[in-house]
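Contents: one structure, followed by commentary.
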Amino acid sequence: IRRNPGEEEFHQAVREVLDSIRPALARHPEYAEAKIIERICEPERQVIFRVPWEDDRGEVHVNRGFRVEYNSALGPYKGGLRFHPSVYLGIVKFLGFEQIFKNALTGMPIGGGKGGADFDPKGRSDREVMRFCQSFMTELYRHIGEYTDVPAGDIGVGAREIGYLFGQYKRITNRYESGVLTGKGLAYGGAQVRREATGYGSVFFAEEMLRAAGDGLDGKRVVVSGSGNVAIYAIEKVQQFGGVVVACADSSGYVVDEKGIDVEVLKQIKEVQRGPIRDYAEARRHATFVPGRRVWEVPCEVALPCATQNEVSGADAATLVANGCIAVVEGANMPTTPDGIRVFTEAGVRFAPGKAANAGGVAASALEMQQNASRDSWTFTYSEQRLQQIMQDIHARCFETAEEYGMPGNYMAGANINGFLRVAEAMLVQGLI
Ligand code: NDP
């Protein structure tokens with residue numbers, strides 16, 4: 001804490017991992033001797049840079065850009081870019097730290113990194129977003145590359161932003177390096193199912209977790225927070241599994257639709273119009289909009305937090321439990337506070353941590369890199385099968401590791417230990433790096 005002052009989210013993420021890998025460290029004294037923990041907590045490289053840009057009225061703005069290249073033991077740094085006014089070093093580091101173990105859990109050759117800027121794309125025109133992205137890439141380009149560091153999207157960074165970033169990278173470097181970014185549009189090197197992957201993947205994980213308990217999503221009443229990329233495709237997949245998503249949200253409040261959220265209407269509002277969630281209730285007259293409150297007060301059996309960090313407090317968790325929630329699957333990164341996790345654990349709620357449940361996004365990005373490297377493109381069906389298999393494998397790794405360490409059903413311990421062991425082993429054999 002003294003070494004990284006004021007970085008609360010980072011401390012929270014590190015504490016959670018270190019607490020749960022204790023049993024693994026006890027079995028592997030060689031890691032303590034090699035100071036793996038001290039090394040793994042320190043990013044390999046952190047870049048902070050100025051991003052000046054001009055709005056449509058000619059006014060100049062200055063934002064702060066970040067890229068934390070956290071760990072390359074398993075492969076090139078890999079992780080998204082977040083554009084949100086709350087972004088500062090502590091958030092980028094927490095996300096980068098989580099990313100190391102998540103990427104390891106996928107079983108794919110990717111290291112961990114994360115980046116972004118305190119830029120708020122909300123209310124900005126396409127031209128303004130383009131100018132911001134071009135300025136951001138004008139510094140970022142020198143740090144990234146197919147074999148070095150491969151950014152993708154995250155909050156506030158979707159296909160539009162990736163397109164502008166890619167265009168500027170190409171212009172500066174004079175290289176058509178498809179594999180330098182993932183989440184690209186299908187017209188220029190993007191992969192099928194990447195857009196859907198995080199949401200779909202978390203629901204594949206949810207189904208596996210419920211099945212392991214002799215249950216399933218079919219007929220379940222589900223509540224989702226957020227209505228962005230992860231939330232939309234989680235809702236779509238829950239419905240394909242026969243569940244009913246009765247509520248979803250954004251930062252302004254939530255909507256309840258007892259007939260089940262109409263995902264096409266939601267896509268139109270969020271992906272095309274970029275409007276607030278209130279517009280959903282206007283488009284579907286029987287739905288209601290509840291401003292300024294969290295969606296967790298809507299009774300459900302399965303909760304999917306898909307918006308942002310620390311969006312499920314201890315009190316929210318207690319409400320969910322009291323209303324009969326039996327499973328929580330994190331589509332977002334670290335959405336549940338430590339108090340919330342405690343409440344779920346004590347109540348016996350099945351809990352899938354983000355680094356396992358939302359790993360489908362980065363796994364599909366790794367598949368996009370494979371396709372770019374081989375100048376190939378796979379079909380939607382094949383790509384989705386690959387994604388499902390990867391999520392089943394991740395589930396099995398978490399499940400089995402938790403059993404092996406005497407904590408059956410503890411997916412958080414299973415995920416942290418399994419991811420950690422893979423990275424630690426690679427770091428050990430690569431010498432003092
Ligand atoms: P989007 O920007 O597409 O959507 C984010 C959603 O969350 C929006 O509905 C947004 O509402 C809401 N939200 C964001 N910040 C807040 C906040 N501070 N309080 C309340 N609501 C908020 O992002 P994604 O769907 O891509 O990302 C969602 C989560 O999933 C993040 O935690 C991200 O790190 C994680 N994730 C994303 C992956 C991906 O592939 N995209 C991969 C793995 C994890 P509003 O529009 O009103 O701000």
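Each reported figure results from applying straightforward, stated rules to the coordinates on display, with no laboratory input. Just so you know, these numbers come straight off a predicted model, no measurement behind them. Cβ atoms come from the backbone with ideal geometry, glycine included; neighbour counts cover every protein chain shown.
Compare the peptides 233-243, 165-175, 261-271, 281-291 by average per-residue count of other Cβ atoms within 10 angstrom and give them in order, highest first.
Working: 233-243: 21.6, 165-175: 16.6, 261-271: 18.2, 281-291: 14.2.
Output ranking for 233-243, 165-175, 261-271, 281-291: 233-243, 261-271, 165-175, 281-291.
For the chain, the antiparallel share of DSSP beta bridges with both residues in that region comes to about 55%.
For the chain, just run the numbers: alpha carbon Rg, then divide by 2.2 N^0.38 Å, N being how many residues it has.
Dividing the Cα Rg of the chain by 2.2 N^0.38 Å gives 0.93.
Mind giving me the nanometre distance, one decimal, between the label points for residue 171 and residue 323, set 7 Å out from Cα along Cα→Cβ? Spacing of the two 7 Å Cα→Cβ label points: 4.7 nm.
In this structure the amide hydrogen of residue 47, modeled in the peptide plane, comes within under 5 Å of the amide hydrogens of 67, 68, 69, none closer than 5 places in sequence on its chain.
Protection proxy ranking of 72-79, 356-363, 402-409, by the mean of other Cβ atoms within 10 Å over each peptide's residues and highest first, is 356-363, 72-79, 402-409.
Cα-Cα over 25 Å: which of 35/102; 220/267; 122/237? Provide the component values of the computation, followed by the final result.
Details: 35/102 21 Å; 220/267 22 Å; 122/237 27 Å.
Going by Cα-Cα distance, 122/237 fall outside the 25 Å limit.
Across the alpha-carbon atoms of segment 300-433, the computed radius of gyration and Dmax are 17.1, 52 angstrom. Taken along its three principal axes, the alpha carbon spread of segment 195-352 comes to 41, 29, 26 Å, from the longest extent down to the shortest.
Using modelled amide H (1.01 Å from N, peptide plane; none on Pro or chain starts), what sits under 5 Å from the amide H of residue 157, excluding residues fewer than 5 places away? Under 5 Å from the amide H of residue 157: 83.
Length gained on full extension, residue 370 to residue 218, computed as 0.36 nm times the residue gap minus the Cα-Cα distance: 51.3 nm. Applied to segment 271-282, the Karplus parametrisation 6.51 cos²θ - 1.76 cosθ + 1.60 on θ = phi - 60° returns per-residue 3J(HN,Hα) values of 8, 9, 7, 6, x, x, 5, 3, 4, 5, 5, 6 Hz, with x for Gly and Pro.
When the helix-only estimate is applied to the chain (DSSP H runs of n ≥ 4, each -39,500 (n - 2.57), divided by the residue count), what is the mean residue ellipticity at 222 nm, nearest 500 deg cm²/dmol?
-14500 deg cm²/dmol
Counting only DSSP beta bridges with both residues in segment 42-191, tell me the antiparallel percent, nearest 5. If I count the DSSP bridges inside segment 42-191, around 70 percent turn out antiparallel. Spacing of the modelled spin labels on residue 258 and residue 3, each 7 Å from Cα toward Cβ, amounts to 5.5 nm.
About the centre of its Cα atoms, the chain shows a dipole size close to 800 debye [charges on the beta carbon of Lys, Arg (+1) and Asp, Glu (-1) only; nearest 20 debye].
What ranking do 56-63, 31-38 get when scored by the average of other Cβ atoms within 10 Å per residue, highest first?
So the peptides 56-63, 31-38, ranked by packing, come out 31-38, 56-63.
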